[in-house]
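The values are calculated or read from the model by the stated rules, or taken from the named source; none is laboratory data. These numbers come from a predicted model, not from an experiment. Positions of Cβ are generated from backbone atoms using ideal geometry, with glycine treated the same way; all protein chains shown enter the neighbour counts.
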Amino acid sequence: MEQLVKKVSQFINKNGLPTNESRMLVAVSGGADSVALVRILLMLRYECHVVHCNFHLRGEESNRDELFVTNLCEQLSIPCDVISFDTKEFARKNALSIEMAAREQRYEAFEKLRKEKGCDYIAVAHHMEDSAETILLNLIRGTGISGLTGIAPLMGKIVRPLLGVKRQEIEDFLRSINQPYVTDSTNESDEFARNKVRNQIIPIMEEINPAAVDNMIHTAHHLQGTQDLLENRSSEEASVTILHGFLHPYGYNETQVSNLITALKRNQQTLIPSGNGSSDTMLVVSRKHFDKKTMPRAKNTFCLDIREAKFPISLRTWKQGDKFYPFGMNGKSKLVSDILTDAKLSRQERERQQVLCIGNEIAWIVNIRSDERFRVHDDATEIIVFETIKQQ
């Protein structure tokens, strides 16, 4: 439960969505996605006002959904407004499909109610698969770059905090808090194009590659960066797109490029493993005044007297024959392979183990042991601190 709430909170922060100082009009149909949305927003201490739309398209099922939502809001002690529509008549008069008619009706009504109730934003419950479906629908119908960027987390007054999570995560979350929800029977019907994509096309794509949805969303982020460039806008996606284009041939992946940008913003430097870029370890490097009492001593940090810094400073995978002078062994050397054996690492961990080199010498077997030759002495004035972080 806490993991998903934290994930949504991180998505909100990363994408610049409104904080909990904003009052939210939350669209709740009664289905899993929207029920999870209102529960998560409440856990994140947002002030919520629920709106439920009854389109009167599914007979008793529509009325069941309305009753469920009003009861839920009563249990949660939050205000709720129900808006009823004659969607079939609206579609006939405006020559629209039922799907498009319902969309137009609800968003127009949402904005009107938002102003009436003094809410700052309208929160809707689109998730990652919804965005992938939109990309595929646009591709099938024909589109430009903007149509392949997926659903935007923030558009005007509409916010979508769940775009970073999948449907299964939502269902698992609701199960963990014993929260029931209703199911729309028309979701199983392939009468609508979106349902065909959801029920037929995406499952086939996931048979070919289980990560198909994730890969579509990653590609959409790259295309958003391209779109921002074309529209002369500056964005995180645009920065990653440009740098990734330059650095990809040298083994840098998207996550590493994003971490480089983050480090630069913090006025830090980074070291990324040489080779094929397959390691999940990155070093953040910072310069600090030396204080023996406060010098970092955690397992994931290594401190170097700035006077001992020699270039190149590099991070690489260890090799057979590498020698090392372990701290505390009075200047005696030892093979790196023997130290890894002593550390009881698995074969896979041994293969991935990184070493930090100062000049041509190994100074640190990362997260395991430092070299005696590079110990920081009491007369040091400045140090370089290397700290490992896991790439997300």
Check: Somewhere in the stretch 7-16, is a residue buried (at least 19 other Cβ atoms within 10 Å of the Cβ), outside any loop (DSSP other than H, G, I, E, B), touching a strand residue (DSSP E or B) at 6+ places or on another chain (Cβ under 8 Å) and not acidic (Asp, Glu)?
Finding: no
Margin query: Being buried (at least 19 other Cβ atoms within 10 Å of the Cβ) and touching a Pro at 6+ places or on another chain (Cβ under 9 Å) is the filter here; which residues of the stretch 130-173 pass it?
Written below: PRO153, VAL159, ARG160, PRO161, LEU163, GLY164
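How about the stretch 354-384: which of its residues are outside any loop (DSSP other than H, G, I, E, B) and out of contact with any Leu (no Cβ under 8 Å at 6 or more places or on another chain)? Working first, answer last.
Taking the stretch 354-384 as the starting set, the residues that turn out to be outside any loop (DSSP other than H, G, I, E, B) are 354-358, 361-365, 369-374, 382-384.
Result: GLU361, ARG369, SER370, ASP371, GLU372, ARG373, GLU382.
For every residue, the table says whether it meets (1) in a loop (DSSP other than H, G, I, E, B); (2) of a type in the set (A, V, I, L, M, F, W, C); (3) touching a strand residue (DSSP E or B) at 6+ places or on another chain (Cβ under 9 Å).
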site	(1), (2), (3)
LYS288	no, no, yes
PRO296	yes, no, yes
PHE302	no, yes, yes
LEU315	no, yes, yes
GLN320	yes, no, yes
GLY331	yes, no, no
SER337	no, no, no
GLN348	no, no, no
GLU351	no, no, yes
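Mind checking which residues of the stretch 21-72 are charged (D, E, K, R) and part of a strand (DSSP E or B)?
Correct list: ARG23, GLU47.
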Note to self: I'd like to know if the stretch 29-40 contains one or more residues that are surrounded by fewer than 17 Cβ atoms within 10 Å (Cβ to Cβ) and in contact with a helix residue (DSSP H, G or I) (Cβ under 8 Å, 6 or more places away or on another chain).
What the structure shows: no
Item checked: Residue that is more than 26 Å from ASN178 (Cβ to Cβ) and either in contact (Cβ under 8 Å) with a residue 12 or more places away in the chain or loosely packed, with under 13 Cβ neighbours inside 10 Å (or both), where the choices are HIS56, HIS127, HIS52 -> HIS56
Notebook entry, point to check: When you look at GLU104, is it touching a residue at least 40 places away in the same chain (Cβ under 8 Å) and either over 32 Å from the mean Cα position of the chain (by Cα) or assigned to a helix (DSSP H, G or I) (or both), yes or no?
Noted result: no
Next item on the list: Please work out which residue is modelled with the lowest pLDDT, limiting yourself to the stretch 376-392 and to residues that are more than 37 Å from the chain's Cα centre (by Cα) and surrounded by 15 or more Cβ atoms within 10 Å (Cβ to Cβ).
Entry: ALA380
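May I ask you to verify whether GLU191 is not in a helix (DSSP H, G or I) and not aliphatic (A, V, I, L, M)? Give the steps one after another, and end with the answer.
Details: not in a helix (DSSP H, G or I): yes; not aliphatic (A, V, I, L, M): yes.
The answer is yes for GLU191.
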Check: Out of GLN200, GLN179, which single residue is outside any loop (DSSP other than H, G, I, E, B), of a type outside the set (A, V, I, L, M) and either within 19 Å of the chain's Cα centre (by Cα) or in the same structural domain as THR70 (by TED's automatic domain parsing) (or both)?
Finding: GLN200
